[in-house]
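What follows is one structure encoded as structure tokens, with my remarks underneath.
The values are calculated or read from the model by the stated rules, or taken from the named source; none is laboratory data. These numbers come from a predicted model, not from an experiment. Here the Cβ positions follow ideal geometry from the backbone for every residue, glycine too, while neighbour counts run over all protein chains shown. The area values use the complete protein model at the heavy-atom level, side chains included, leaving out ligands, DNA and RNA. Shrake-Rupley method; radii C 1.70, N 1.55, O 1.52, S 1.80 Å.
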Amino acid sequence: MTFDPIAAGWKQRHGQGPFTQLVGPIFAKREAEGASAYGLLAEERHTNSRGVVHGGMLMTFADHMLGWLVWDLVDRRPCATVSLNSQFTAAVKPGDWVEMRGRVIRQTRSLIFVQGTMTVGEKTVFAAEGIWKLLGVD
């Protein structure tokens, strides 16, 4: 049985650009203390030649999710990814419901350092650390 994010209380993240429309939809859910979790239903179109979700797809999801975390933190001012490091710890298969949560580690005047973890059920499948630049600030 396929997971239904809407029935589970998730809402489709709107305001997604054309590229995100190709890889999504991506869903969001508010959690304790105002934090958000993001979700993606892995589909056949997200797979590589081995039949598992392509690493680039997981990185795209992580870039979007961590970028939205930063964007919300800086009151939706323009920002851009400077660096995104990732570790793939388990395969994701079509039909898997993938969730990602992140947190801000440090913030300077113009840089925001974040970490995030992607899970399928209780299993960690991907971890990332990144740096975002607040644009227009030196």
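Structural remarks
- Accessible area expressed per residue, region 1-101, with surrounding protein chains retained (probe 1.4 Å, Å²): 56
- Remark: region 49-55, residue by residue, has Karplus-estimated 3J(HN,Hα) of 5, 8, x, 10, 4, 4, x Hz, where x stands for each Gly or Pro and the curve is 6.51 cos²θ - 1.76 cosθ + 1.60 at θ = phi - 60°.
- Ranked packing of 93-102, 45-54, most packed first, by mean Cβ within 10 Å: 93-102, 45-54
- In terms of the mean number of neighbouring beta-carbon atoms within 10 Å, the peptides 17-25, 84-92 order highest first as 84-92, 17-25.
- With θ taken as phi - 60° and the Karplus curve 6.51 cos²θ - 1.76 cosθ + 1.60 applied, the whole-hertz 3J(HN,Hα) list for region 106-111 is 7, 9, 10, 4, 10, 10 Hz, x standing for glycine and proline.
- Straight-line cross-link partners of LYS93 among the lysines, defined as a Cα under 19 Å from its Cα and at least 8 positions apart when in the same chain: LYS123.
- Per-q log10 I(q)/I(0), the chain, q = 0.11, 0.17, 0.20, 0.21 Å⁻¹ (Debye; single scatterer per alpha-carbon; no solvent): -0.38, -0.92, -1.25, -1.36
- Here's how it looks for VAL92: its modeled amide H is under 5 Å from those of VAL53, which are all 5 or more places away or on a different chain.
- Charge dipole (debye, nearest 20) of region 77-136; +1 at Cβ of Lys and Arg, -1 at Cβ of Asp and Glu: 320
- By accessible area, using a 1.4 Å probe on protein heavy atoms only, the chain has 53% of its surface on carbon and sulfur.
- Simple rule: put +1 on each Lys or Arg Cβ and -1 on each Asp or Glu Cβ in the chain, find the dipole, and look at VAL74, GLN87, THR117; the Cα lying farthest toward the positive end is VAL74.
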